Amino acid sequence: MTVTRFAPSPTGYLHIGNLRSALFNWLIARKAGGTFILRLDDTDPERSKPEYADAIQRDLEWLGLTWDRMERQSDRLDRYRAAADDLRAKGRFYEAFETPTELDLKRKKQLNMGRPPVYDRAALDLDEAAKDRLRAERGGHWRFLLERERIEWDDGILGPVSIDAGSVSDPVLIRGDGQVLYTLASVVDDTEMGVTHVVRGSDHVTNTATQIQIIEALGGTPPAFAHHSLLTGPQGEGLSKRLGSLSLRDFREAGIEPMAILSLMARLGSSDPVELRTTLDELVAGFDISRFGAAPTKFDADDLKPLSARVIAAEPFEAVAPQIATIGVPDAIAPQFWEAVRENIATRDAMADWWALFRDGAQPVVADEDRAFIEQARGLLPPHPYGPDAWAEWSGAVKDATGRKGRALFRPLRLYATGAETGPDMSLVMPLLQKPL
Ligand SMILES: Nc1ncnc2c1ncn2[C@@H]1O[C@H](COP(=O)(O)OP(=O)(O)OP(=O)(O)O)[C@@H](O)[C@H]1O
């Protein structure tokens, strides 16, 4: 049984990069008919906020990425302590006492000598009396004792990965203040929750190496890992929940369609072209993680707008009828209204602007050189309310009377009737105009 999870820290609003992890894990679970877990990594009481935890759920629900099970790490602290005791009993956990400044100094010295900045395990040489004294003076933190061998796995995106554990510091799993850190908590959760596939950003590759050893030390079996590249903004700038850049909630507020975001994100950075999918089922069917590469991927929010407009244009009338009713379009003309505007709106809310124009009339735009032409055209208007052939009749009569044709005929008439150069087919517009031109 396939089990995946998305484990964000509730320290800000989800951004488009976070969505990459959420979506891939969700797609893998759904494609296999498995389980998708939403796990809030909320062990940091200072940075985690309930409102962010709520916002993460709202954002995922908005996109339709529903979860089968939800967990909070803050509810599972006793499990992490039990795992820590287990590691201690197995001789794989040791207390260290260096302050951040001391560690920094050690790192600088190593770098100056051209050596990798790996923790030197000085704490292993302390006798009990020294440990007691340091514990009383400054408190200690707990590190996992790595076995200095190569750690290897076959990554679902990166291919075979081999990391020399000797080039990595023994990870701190419990901080001086007793807080259990992500590296341990997520391993305990993944093992106990039966997670079979972990997809996350390449910021976690080193974590994965150390976590594989921790899982094995705890008697578990490592899941399959895949690390996707980190998304950047169009200029290559990094994203962070804490900075609030490219957040999903901003896209929602801007009226971007969920299926536009999902269609783009299910393909961006892969060797397959982006294709608009209008249902989650189609998205699931067309997903293949092996098509993604390790190269950094740029995300440009402008790519969402045309996709979003296409999602809207593809909506059947029944799907939009309730919203059309709320903006006051009479039922009798609602289907025609939708036909007219569907390909001319970037967001659903923009329907209201078109309705205001049809209901109240536009501010006409008339170029100086067209004044006489428009004056003449006004005299040839068919009687209001305009029927289905009103545009053909009017433009035909104006053509005959003035000799104008093509763009010189249609453009000024449209500008006069709608105040804009582009818009729906005029033969659909005219019957919708509630006031005479
Ligand atoms: N720019 C990014 N592109 C792709 N994935 C990302 C990016 N940033 C984070 N992730 C992934 O999002 C998931 C959630 O991570 P996390 O909650 O730590 O987010 P974060 O944005 O790094 O948070 P913070 O800014 O609070 O450190 C992880 O799988 C992580 O790899």
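The values are calculated or read from the model by the stated rules, or taken from the named source; none is laboratory data. The shown structure was predicted, so the numbers you read here are calculated from the model rather than taken from an experiment. Cβ: placed from backbone, ideal geometry, glycine included. Neighbour counts: every protein chain shown.
Results, tabulated for the structure shown:
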{"quantity": "Residue in the range 264-272 that is over 18 Å from the mean Cα position of the chain (by Cα) and in a loop (DSSP other than H, G, I, E, B) present", "calculated": "yes"}
{"quantity": "All positions within the range 191-210 that are more than 13 Å from the ligand (Cβ to nearest atom), touching a strand residue (DSSP E or B) at 6+ places or on another chain (Cβ under 9 Å) and of a type outside the set (A, V, I, L, M, F, W, C)", "calculated": "Gly194, Thr196, Thr210"}
{"quantity": "Candidates Val284, Val274 - the one that is modelled with pLDDT under 95, more than 16 Å from the ligand (Cβ to nearest atom) and of a type outside the set (Lys, Arg)", "calculated": "Val274"}
{"quantity": "Complete set of residues in the range 1-56 that are hydroxyl-bearing (Ser, Thr, Tyr) and either within 9 Å of the ligand (Cβ to nearest atom) or under 16 Å from the mean Cα position of the chain (by Cα) (or both)", "calculated": "Ser9, Thr11, Tyr13, Ser21, Tyr52"}
{"quantity": "Residue among Gly166, Gly159, Gly219 that alone is more than 27 Å from the chain's Cα centre (by Cα), more than 26 Å from Ser308 (Cα to Cα), outside the structural domain of Arg58 (by TED's automatic domain parsing) and away from the ligand (no atom under 15 Å from the Cβ)", "calculated": "Gly166"}
{"quantity": "Residue count for the range 187-201, restricted to those that are small (Gly, Ala, Ser) and either modelled with pLDDT under 95 or in contact with a helix residue (DSSP H, G or I) (Cβ under 9 Å, 6 or more places away or on another chain) (or both)", "calculated": "1"}
{"quantity": "Residues (surrounded by 19 or more Cβ atoms within 10 Å (Cβ to Cβ), more than 12 Å from the ligand (Cβ to nearest atom) and assigned to a helix (DSSP H, G or I)) located in the range 228-257", "calculated": "Phe251"}
{"quantity": "Verdict on Thr66 being within 13 Å of the ligand (Cβ to nearest atom), assigned to a loop (DSSP other than H, G, I, E, B) and either at pLDDT below 95 or surrounded by fewer than 15 Cβ atoms within 10 Å (Cβ to Cβ) (or both)", "calculated": "no"}
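Okay, residues lined up against (1) small (Gly, Ala, Ser); (2) under 46 Å from the mean Cα position of the chain (by Cα):
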| position | (1), (2) |
| --- | --- |
| Gln363 | no, yes |
| Glu375 | no, no |
| Pro385 | no, no |
| Val398 | no, no |
| Gly403 | yes, no |
